[in-house]
Amino acid sequence: MPAHPAGPRHEDIVHAAAIGEVPHDLNALSPAVWPLTAERVDGVLSVAGVPATDAVAEFGSPLFMLDEKHFRAAARSYAEAYAGADVYYAAKAFLTTRVARWAVEEGLRIDVCTLGEMEVALRAGVPGESLLFHGNNKSVAELRRALEVGVGRIVIDSVTEIERLADLARALGVRPKVLVRVTVGVEAHTHEFIATAHEDQKFGLALAGGVAFAAAQTVASEPAMELIGLHSHIGSQIFDAAGFEVAAHRMAGLVADLVNSGIAVAELNLGGGMGIAYTDDEDPPQVADMAKQLTAIVTRECELAGVPVPRLAVEPGRAIVGSAGITVYEVGTVKAVDLGGRSRLYVSVDGGMSDNIRTALYGADYTVVLANRESVADPVVARVVGKHCESGDVVVRDAWLPGDVRAGDLLAVAATGAYCRSMASNYNYLPRPAVVSAASGECQVMLRRETLDDLLAADAGVD
Ligand code: LLP
């Protein structure tokens with residue numbers, strides 16, 4: 001493809017300030033955000049020894065590349081940090097059969113929240129016993145299938161569900177192990193958390209007003225199921241253990257109340273939410289530190305309350321797969337937009353909100369670099385945008401890119417392993433990108449790129 005003919009007028013482009021310090025080296029790959037095996041080889045970004053240029057030549061663009069070594073290392077670090085506890089990989093972050101296999105091989109179980117996620121895990125050969133089933137509105141068909149395949153844990157999310165599950169369990173002659181999901185009045189996001197008196201949201205049963213206590217009592221008195229424990233999940237992309245601390249404190253109080261009324265609580269699942277760095281200036285807590293803190297809090301609170309310490313469980317998703325994945329895009333157009341004396345370079349890529357909705361939906365920040373070559377051109381303030389018919393279709397809102405970025409270049413966005421492909425859509429009839437796993441100098445397709453035929457297959461036609 002020829003270089004962009006008109007080209008931006010570099011002298012017009014903002015060279016400073018708007019988005020913080022100009023980075024020392026635009027070609028650098030900070031280990032905080034890039035996959036373990038990411039490096040530049042002859043200037044080209046490569047993952048596990050596979051140059052992004054080769055991967056795109058073979059599998060097309062946009063392309064998700066998932067670093068197997070990174071995923072396994074992250075999973076293993078959770079399994080080791082939580083030895084003596086259970087770690088469930090949260091499938092919603094990203095799941096394929098191969099991902100499920102990796103997770104289980106590294107000692108994790110899997111948390112699923114739909115029939116679809118359950119079937120992918122089962123197809124990978126994950127035993128039903130290793131699955132935990134979530135959801136605020138599990139259907140009868142989903143619950144029946146969960147019981148048929150012997151799902152290890154079902155998390156009860158409403159009073160309605162107790163009876164629904166009990167009826168099914170009786171009909172099938174099985175006795176599922178269940179946890180009651182508790183809304184503890186703690187909400188955590190990245191650097192802050194709020195503790196509120198009540199929770200105005202759809203998940204779980206409120207600790208406040210004894211709702212969760214009553215539900216646990218009902219479950220405990222229901223012979224068709226076994227109350228194995230309690231569950232709470234306080235949010236996602238959490239950096240501060242204080243939110244977990246308050247949740248653990250409150251949950252331990254409920255454990256004590258139940259135990260003191262003769263109801264055993266063997267497991268306490270504190271959910272997921274452990275944060276990762278999307279940009280270099282974010283500093284998430286170490287897995288082992290967080291594990292130590294959570295274990296200490298639960299132990300202390302239960303000992304203070306004089307009740308046996310339940311077995312701990314956690315459900316990380318993003319913290320395992322997030323930084324293992326990158327997205328590679330091809331640049332199609334480059335446009336300098338005048339902001340009244342300053343300008344911004346709009347760099348359009350061949351994907352967008354259909355493969356990464358997080359920027360539009362949550363205002364998420366990302367790190368982006370030129371992937372097919374190094375550049376010594378001056379940094380310019382850029383915005384990486386997609387190809388959708390929507391001005392909110394932004395991939396990276398504020399980025400420093402070399403001023404010579406041009407059509408035909410490849411850009412790589414870091415930390416797109418979680419909640420990008422899994423939340424992808426076909427908006428504007430864009431086929432969803434392929435996901436390849438990279439290991440030992442080779443890529444293997446995990447999810448093939450969709451084709452227009454895939455999209456048209458659902459169309460009933462005109463006759
Ligand atoms: N357990 C439960 C019950 C959850 O609801 C979630 C995430 C997790 C575990 C895993 O959370 P993680 O460790 O991945 O933060 N789409 C949003 C995130 C939604 C999270 C929903 N629940 C995003 O892209 O940031």
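The values are calculated or read from the model by the stated rules, or taken from the named source; none is laboratory data. For clarity, every value in this text was computed on a predicted model and none was experimentally measured. Backbone-built Cβ (ideal geometry, glycine too); neighbour counts: all protein chains shown. The accessibility values were calculated without ligands, DNA or RNA, using every heavy atom of the protein model including side chains. Shrake-Rupley method; radii C 1.70, N 1.55, O 1.52, S 1.80 Å.
Within the option set Glu267, Glu282, being farther than 19 Å from Leu108 by Cα and open to solvent by less than 50 Å² (accessible area, probe 1.4 Å) holds for one residue only, Glu282. Among the residues of the range 150-157, is any among the acidic types (Asp, Glu), within 16 Å of the ligand (Cβ to nearest atom) and touching a Leu at 6+ places or on another chain (Cβ under 6 Å)? For the range 150-157, residues among the acidic types (Asp, Glu), within 16 Å of the ligand (Cβ to nearest atom) and touching a Leu at 6+ places or on another chain (Cβ under 6 Å): absent.
Table: residues versus (1) under 20 Å from Ala277 (Cβ atoms); (2) open to solvent by less than 30 Å² (accessible area, probe 1.4 Å); (3) not in a strand (DSSP E or B).
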position	(1), (2), (3)
Ala57	no, no, yes
Lys69	yes, no, yes
Arg72	yes, no, yes
Arg76	yes, no, yes
Ala83	no, no, yes
Tyr89	yes, yes, no
Lys92	no, no, yes
Arg98	no, no, yes
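Scanning the range 182-211 for residues that are of a type in the set (S, T, N, Q) and under 22 Å from Leu268 (Cβ atoms) yields Thr183, Thr196, Gln201. Across the range 180-220, the qualifying residues are those that are open to solvent by 50 Å² or more (accessible area, probe 1.4 Å), of a type in the set (A, V, I, L, M, F, W, C) and within 14 Å of the ligand (Cβ to nearest atom), and the one among them that is nearest to His134 (Cα to Cα) is Phe203. When Arg300, Arg344, Arg318, Arg373 are checked against the criterion of being at negative phi, among the basic types (Lys, Arg) and under 18 Å from the mean Cα position of the chain (by Cα), a single residue qualifies: Arg318. Is the range 122-136 home to any residue that is among the basic types (Lys, Arg) and outside any loop (DSSP other than H, G, I, E, B)? Looking for residues that are among the basic types (Lys, Arg) and outside any loop (DSSP other than H, G, I, E, B), one finds at least one in the range 122-136, hence yes.
Here is a check on your reading of the model: is Asn372 part of a loop (DSSP other than H, G, I, E, B) and within 16 Å of the ligand (Cβ to nearest atom)? Let's see the steps before the verdict.
Details: part of a loop (DSSP other than H, G, I, E, B): yes; within 16 Å of the ligand (Cβ to nearest atom): no.
No: the conditions fail for Asn372.
For the range 307-354, filtering for residues that are within 16 Å of the ligand (Cβ to nearest atom), in a loop (DSSP other than H, G, I, E, B) and closer than 30 Å to Ser130 by Cβ leaves 3.
Within the range 322-346, residues that are surrounded by fewer than 15 Cβ atoms within 10 Å (Cβ to Cβ) reach partners that are at pLDDT below 95 and not basic (Lys, Arg) with beta carbons closer than 6 Å, at six or more positions or on different chains, in the pairs Val337/Ser343.
So is Val413 open to solvent by less than 10 Å² (accessible area, probe 1.4 Å), in the same structural domain as Val50 (by TED's automatic domain parsing) and in contact with a Lys or Arg (Cβ under 9 Å, 6 or more places away or on another chain) or not? Considered against the rule, which asks whether it is open to solvent by less than 10 Å² (accessible area, probe 1.4 Å), in the same structural domain as Val50 (by TED's automatic domain parsing) and in contact with a Lys or Arg (Cβ under 9 Å, 6 or more places away or on another chain), Val413 comes out as no.
Scanning the range 138-161 for residues that are open to solvent by 10 Å² or more (accessible area, probe 1.4 Å) and either closer than 19 Å to Ala214 by Cα or part of a helix (DSSP H, G or I) (or both) turns up Val140, Ala141, Glu142, Arg144, Arg145, Leu147, Glu148, Ser158, Val159, Thr160.
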